[in-house]
């Protein structure tokens, strides 16, 4: 059985690698064509080499998104080819029963699950952040909309609403405004700084213009304006939190998303969108296991002549439908306020039932 497992592992890994490289090359080409109009523009001049570097740094994110689909297509191709050449029939007579074949593919699915998790949780966030900072040289900063990102933090005695207009290519913040309110909700101070950077103990604001409002006592409200060369603001808002407010949450790691969700909940802000994305990060790698189970019945299809193109094409359609269903459930769950974990797990559960039904009908009943 060790020889049989080694044969299946080698064939599936080779096919999945081939499909993955093909998909990544296709997306690399599309992204590069999309970047060509930006070459020669920007503050420092967006060069062709920078465009190539930016597109290359986007590949880990594509790898995370495409790996389950590549696993499905590659495994279907191997199973169908073994069935077409009657090799799988020989393997069955050698002792490869349905349950043993299922266990063999489940081990493969677990390996691909770990690879997908590593790509989405470690490789993709780092590469995507580097790509965004590189792309920032085109416009000189990273920003969204007209006002940038808004964050909120509650501290023991005061509440802070923070506005960050943009991030520089060096990771610093531009056009920072901090609105401080007391426990009664009255505005206490407003601090504005054209530039700020992250430190271990908080933020360091430079060239600060600070307005302090004195509304206590019986005296009339007074406004005191100060100009400070620098000011340190103690806060637990991390660079990752600012990045997710300016960039896409699906580019964050699972741990960073968890911390950001807790930050939103502690400050009384809605976290539905980020909770769905968190659970998607948890369940999406597990779809590799579903895909290998879905591909196993193709080994029990009996045909002697003809190509296996139709079966591979069917695998492509199934993979695309899973990807679309995963995105659709995310949008619907956010609009309808569904449970985040159920919204993220629903596509995998649907395809799991479908794959187990196909396994029971085409494999066990034969």
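Each value in this text was obtained by applying a stated rule to the coordinates, not by laboratory testing. Note that the structure is a prediction, hence the values are computed from the model and not measured. Every residue, glycine as well, gets a Cβ built from its backbone with ideal geometry; the counts of neighbours run over all protein chains shown.
Key figures
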read-out	value
Estimated 222 nm signal from helices in the chain, with DSSP H stretches of n ≥ 4 weighted -39500 (n - 2.57), rounded to 500	-18500 deg cm²/dmol
The stretch 24-125: C-alpha gyration tensor shape, a/c 1.5 cut-off, then a/b vs b/c	prolate
Shape call, the stretch 52-111: gyration tensor on alpha carbons, a/c limit 1.5	prolate
Most fluctuating residue given options 125, 239, 229, as computed from a GNM of the chain linking Cα atoms under 10 Å	229
Estimated Rh, the stretch 1-79: Kirkwood, alpha-carbon pairs, angstrom	14.4
Base-10 log of normalised Debye intensity for the chain (one unit scatterer per alpha-carbon) at q = 0.07, 0.10, 0.11, 0.12 Å⁻¹	-0.44, -0.76, -0.86, -0.96
Sequence-separation-based contact order of the chain, relative, with Cα cut under 8 Å and 6+ spacing, percent	19
Shape of the stretch 261-357, Cα gyration tensor, a/c cut at 1.5	prolate
Quotient of C-alpha Rg and 2.2 N^0.38 Å, computed over the stretch 165-214	1.27
Modelled label reach - residue 192, point 7 Å along Cα→Cβ, the stretch 153-175 residues with backbone N closer than 12 Å	175
The stretch 149-246: Cα Rg divided by the 2.2 N^0.38 Å rule of thumb	1.11
With Cα atoms, 0 to 90° folded angle of helix 340-359 axis to the chain main axis	0
Mean separation of Cα contacts under 8 Å, 6 or more apart, over the residue count of the stretch 18-130: relative contact order %	37
